[in-house]
1. Which pairs have Cβ atoms under 9 Å, sit 6 or more apart or on different chains, and link a residue in the stretch 201-219 that is more than 15 Å from R14 (Cβ to Cβ) to one that is loosely packed, with under 13 Cβ neighbours inside 10 Å and aliphatic (A, V, I, L, M)?
2. For the stretch 58-75, does any single residue satisfy the condition of being of a type in the set (G, A, S) and buried (at least 18 other Cβ atoms within 10 Å of the Cβ)?
3. Out of everything in the stretch 1-32 that is of a type in the set (G, A, S) and not in a loop (DSSP other than H, G, I, E, B), what residue ends up being surrounded by the most Cβ atoms within 10 Å (Cβ to Cβ)?
4. When the residues of the stretch 194-226 are narrowed to those that are aliphatic (A, V, I, L, M) and either at pLDDT below 95 or part of a helix (DSSP H, G or I) (or both), which ends up farthest from T245 (Cα to Cα)?
5. From the set of residues in the stretch 38-49 that are surrounded by fewer than 18 Cβ atoms within 10 Å (Cβ to Cβ) and in contact (Cβ under 8 Å) with a residue 40 or more places away in the chain, which is nearest to G201 (Cα to Cα)?
6. If we scan the stretch 128-140, do we find a residue that is among the polar types (S, T, N, Q), free of Cβ contacts under 8 Å to residues at least 12 places away in the same chain and not assigned by TED's automatic domain parsing to the domain that holds A6?
7. Which residue, of A101, A96, A35, A88, is of a type outside the set (S, T, N, Q) and either out of contact with any helix residue (DSSP H, G or I) (no Cβ under 9 Å at 6 or more places or on another chain) or surrounded by fewer than 18 Cβ atoms within 10 Å (Cβ to Cβ) (or both)?
8. Can you list residue pairs whose Cβ atoms sit under 9 Å apart, with the first residue in the stretch 230-255 being on the phi > 0 side of the Ramachandran plot and the second being surrounded by 12 or more Cβ atoms within 10 Å (Cβ to Cβ) and assigned to a helix (DSSP H, G or I)? Count only pairs 6 or more apart in sequence or on different chains.
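The values are calculated or read from the model by the stated rules, or taken from the named source; none is laboratory data. In this text, all values refer to a predicted model and were calculated from it rather than measured experimentally. Here the Cβ is made from the backbone with ideal geometry for all residues, glycine too, and neighbour counts use every protein chain on show.
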Amino acid sequence: MDDRAALQAHLIARFGVDLEIPADVQGLDTLARMANHRTIRAYAPRSVDPALIRLLAAVALSAPTKSDLQQADIILVESPSQRAALAALLPDNPWAAKAPAFAVFCGNNARQRRLHVLRGRAFANDHLDAMFNAAVDAGIVLSAFIAAAEATGLATTPISAIRNHPGEVAEVLALPRHVFPVAGLCIGWPAHPGSISPRLGLNATVHTDRHDSSGLDAGIAEYDTRRNLTRPYRETRRDDLFGRTEPYTWSEDKARQYAQPERTGWAAFLAARGFVLDR
């Protein structure tokens, strides 16, 4: 299968539609690889060269950054004791302990504040955007790292649950004030090819000129049906609280997930890190 056909196949599997691919588009091999992204949680018993991980970190940190502030950090967790301490905080993510390599992506607003001390300038933007900018930078770098890793044949699993215990994570990683974890990332050689996870139709997520949610309910229903044809849930969430629902769909799973409190201490953690969140 050539790159054009591969890209078409991946997008059909992802979105359920055959998108037009312009005849003169370049970079089809890269687009096909990105459209074929798969989160893989099982890894072959093969180590990953630390030099490769560091190379990927450099490539990822070449990604765009807000106003050239460079507010993302990557912590490569190589110490077995630190890996074990973090894995103990992630019991629902056993791959965090088993992956050959593990990294934590952080937002870092401390570096910017240090510039103000060094240059004797007031820090006049001590409000929510200081944290938000750093979080976005970290997210961009995380995405770039995943794309770079997949280009080498590696597989990854992002772990947002690292934020379930931010205080403990900050202690393990010795994070200073104004630095906070955004996500962990498992890295390794895949034990199997994985599969493409379907996504909401583009009518629900891509808008022209103005945001339009008039067809959202129909789009969710379409996605629920399409996803269950190829990627049905193997387990249901908290039947003890919500009962048994048939069919069990993406919308039901996500509604159940956020019907229960999660990370209610996140704002308090960020405030303790020194961030101002109420303006």
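1. none
2. Within the stretch 58-75, one or more residues are of a type in the set (G, A, S) and buried (at least 18 other Cβ atoms within 10 Å of the Cβ).
3. Top of the filtered list is A32.
4. Among residues in the stretch 194-226 that are aliphatic (A, V, I, L, M) and either at pLDDT below 95 or part of a helix (DSSP H, G or I) (or both), the one farthest from T245 (Cα to Cα) is L202.
5. R38
6. Scanning the stretch 128-140 turns up no residue that is among the polar types (S, T, N, Q), free of Cβ contacts under 8 Å to residues at least 12 places away in the same chain and not assigned by TED's automatic domain parsing to the domain that holds A6.
7. A88 is the lone residue from the list that is of a type outside the set (S, T, N, Q) and either out of contact with any helix residue (DSSP H, G or I) (no Cβ under 9 Å at 6 or more places or on another chain) or surrounded by fewer than 18 Cβ atoms within 10 Å (Cβ to Cβ) (or both).
8. R238/R256
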